[in-house]
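These notes are about the structure you will find just below.
The values are calculated or read from the model by the stated rules, or taken from the named source; none is laboratory data. Not measured: the values here are computed from a predicted model. FYI the Cβ positions are ideal-geometry reconstructions off the backbone, even for glycines, and counts take in every protein chain you see. Areas reflect the complete protein model, heavy atoms only, side chains present, ligands, DNA and RNA absent. Shrake-Rupley method; radii C 1.70, N 1.55, O 1.52, S 1.80 Å.
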Amino acid sequence: MSHIQEYEVYDLDYLIPDIKKVPVEEVKIRRGSLKEAFEGTLTIENYVVTVQVVLPKHFPLYKPMFILKDPQALGFIPHVEPDGFICYSHDEGLLLDQSNPPGILSETYQRAVNTLREGITQKNHADFQKEFEAFWSRQPKKVKVDSIFSPGETFKVFSAYVDEKTRKTILLDRLDAETNQYIKTLYKCDVTKEFQHYQGAYIPLRQGSAIVPPSYTESWDMKQIRKLIFENISSSNKKRINTYLKSRSFKRNEKEFLLFSFPVREGQRILFGILLSNFSRVPKLKARYPFIHPLKKNEAAYDITPMSVKRHDRTYLLNRTLGNNKVSEKKVTIIGLGSLGSRVAFELARAGVKKFTLIDEDILDVDNVFRHELGIKDLYWLDNNRYVNISKAMALTLEMHSRFPELNITYEQANVLDLIEGKLDRIINSDLILVALGSPTVELHLNRLFQHKEGVPPVIYTWLEPLGVGGHALLTNNNEEKFGCLQCLFTHPEDNHHMISNKASFVAPGQFLGTTLAGCDSVFTPYGSIDALQTTIIATRLAVKTLNHEEIDNPLISWKGDDTEMINQGYLTSKRYELTDEQLYKYRYLYKSENCSICEKDNE
């Protein structure tokens, strides 16, 4: 066995006949710790190239790497990095059969070879456009900039703010209150006062622009940039650009930021840019001063620096999270900001909702921090050398603004019953109301009020079961459909004047599962943070579907947990708990009571 070469163990000689082992020090890449390295020649589409097979330290848990020893051997093709690394597969979601290292090597080798072949034959040429931003960011001497910029199809002038000390730059196509708050949160300062202001121009390239990024060893000059622009813009944008160029000139200390975009798929545009700086006279060239724009005519010397753009615009970020802009202008009122309401607020913000009204009368207490979205840092606030408590509503508003500065939030530290007496419009002036009070009596009162009041939006009631046995979200008043409400769950099938225990419950009736640790004032329902999170998921999904008009009726959505702890403590589950998850979903509309005193069908 000692005479068997390592490459024979991995069957590499079958893949690359002249394979040999080489010291890992001869591998020029810097991609983590390496275990072994091999080298051989590969013939592909009439090219003969030297390929290195590199095993990372944790192979076969990590995939092998294939390197072109000469990164320029096949010219500039997609998926070959500046160090020769062949990007043949993404790591995310990749499953490797660690019991079969030779099999892993054989499969990945074929993928690497296929990647090179498709590059040589230009079969994957379109990947230059799809991954343009990645290629652009690989250029040497690039600068990184942030942007809050929504690339559209029309030329426009924008603002650039630069901090020379920290070398931070932010590009903005608007500076409204929302954007101003965002950049203050991002940079921890007043950007408009502490950063230097410059001007820039956004130039959108039209559909079908087949743009190839410069290779890793090259950069575009002004002649190429000018050709790129004027061969790929619409006639209307060409007029706007020419008007801009006539009025734009530069002194020696000025900068010009140019942003470009082109569409790659519906609703999405690639965004990249260049910075023009260090303007100076060209020796022996008679030129006007201030210098005219280089896109119009070259009469000055200047530096051209590629800009790699880190995008902060909302549309781009939501596309990465399955959030959507259809709900961005929707407003949601959340009544009750405990472990459920606080989490739903954040998840709806992540889903794209920008406008909230938050209502809760309570102060955040340390007893709840292990189940709440807020934490220890939100318990006390220092005010005039005195520590004070602040309300859940205020604390949640501040925390949501710190994470998502663009949100528009109003809050009320008040009992909802007091609010409805004088400020009902503040509650119902929304696209959705979500109630997470944990008080069936108050929620039934709100249900009665909302069902009989005109102009009330859809309402979701959500609550948790004790001991991790489940949770629920009930949608009512959806699409002006009144039949199906919270009262239905408490209505006797024969006598609507006789209330019964909640029909949705997974706990058998007649049992009290409240717990106290410090007397009557501290009674609480025992459940864990994970239970609140699971209920948050079904409530948030239902809310987003409702806001997007994807739900046409009033369903009761439930999730069912493990009953082991409940049984161990001597409690009983309900008949409904015996239903399967599939049955719970199938019967989601069957909770409705035709003789409900609030929404009975005969009243429609």
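Between the alpha-carbon centres of the stretch 14-46 and the stretch 325-359 there is a gap of 53 Å. Cross-link partners of LYS423 among lysines, defined as those whose alpha carbon lies under 24 angstrom from its own and excluding same-chain residues fewer than eight positions apart: LYS330, LYS331, LYS354, LYS355, LYS392, LYS453, LYS482.
Think of each Lys and Arg Cβ as +1 and each Asp and Glu Cβ as -1; about the Cα centre, that makes the dipole of the stretch 12-123 roughly 120 debye.
The long axis of helix 392-403 is offset from the longest Cα principal axis of the chain by roughly 10 degrees.
Karplus-based coupling profile of the stretch 28-44, in residue order and whole Hz: 8, 7, 10, 9, x, 6, 10, 9, 8, 9, 9, 8, x, 9, 10, 9, 8, with θ = phi - 60° in 6.51 cos²θ - 1.76 cosθ + 1.60 and x standing for Gly or Pro. Proximity of backbone amide H atoms, modeled 1.01 Å from N, is registered between GLU361 and ALA414 at under 5 Å, excluding neighbours fewer than 5 places apart on the same chain. What is the helix-to-structure angle for 177-187, meaning the angle in degrees between its Cα long axis and the longest Cα principal axis of the chain, kept from 0 to 90 and rounded to the nearest 10? The angle comes out near 70 degrees.
Candidate values [x] 31.6, 101; [y] 34.3, 110; [z] 53.9, 185 were compared with Rg and Dmax of the Cα atoms in Å computed on the shown model; the agreeing label is [x]. Which percentage, to the nearest 5, of the DSSP beta bridges contained in the chain is antiparallel? Of those bridges, close to 70 percent are antiparallel.
Compute the relative contact order of the stretch 523-589 as a whole-number percentage, counting only Cα pairs closer than 8 Å that sit 6 or more residues apart in sequence. Across the stretch 523-589, relative contact order equals 32 percent.
Taking the Cα centre of the chain as origin and assigning +1 to Lys and Arg Cβ atoms and -1 to Asp and Glu Cβ atoms, the resulting dipole is close to 4140 debye. Summary value for the chain: 8 percent relative contact order, contacts being C-alpha pairs under 8 angstrom separated by 6+ residues.
Taking a temperature of 10 °C and a viscosity of 1.306 mPa s, what whole-number D in µm²/s does Stokes-Einstein yield for the stretch 78-209 with Rh from Kirkwood over alpha carbon pairs?
On the way: Rh = 18.8 Å.
The calculation lands on 85 µm²/s.
Compared with the dominant principal axis of the Cα atoms in the chain, helix 339-351 is inclined by about 40°.
Only Cα pairs under 8 Å and 6+ residues apart enter the sum, and on that basis the relative contact order of the stretch 130-318 stands at 28 percent. Within the shell defined by Cβ-Cβ distances under 13 Å, the residues around LEU590 carry a net charge of +3, with Lys and Arg each +1 and Asp and Glu each -1. Projecting the Cα atoms of GLY484, PHE250, LEU590 onto the charge dipole of the chain, computed from C-beta unit charges around the Cα centre, puts PHE250 farthest toward the positive end. Ordered by 1.4 Å accessible area with all protein chains kept, LYS482, LYS586, LYS165, LYS503 run largest first as LYS165, LYS586, LYS503, LYS482. In this structure VAL366 has an accessible area near 80 Å², from a 1.4 Å probe over the protein heavy atoms.
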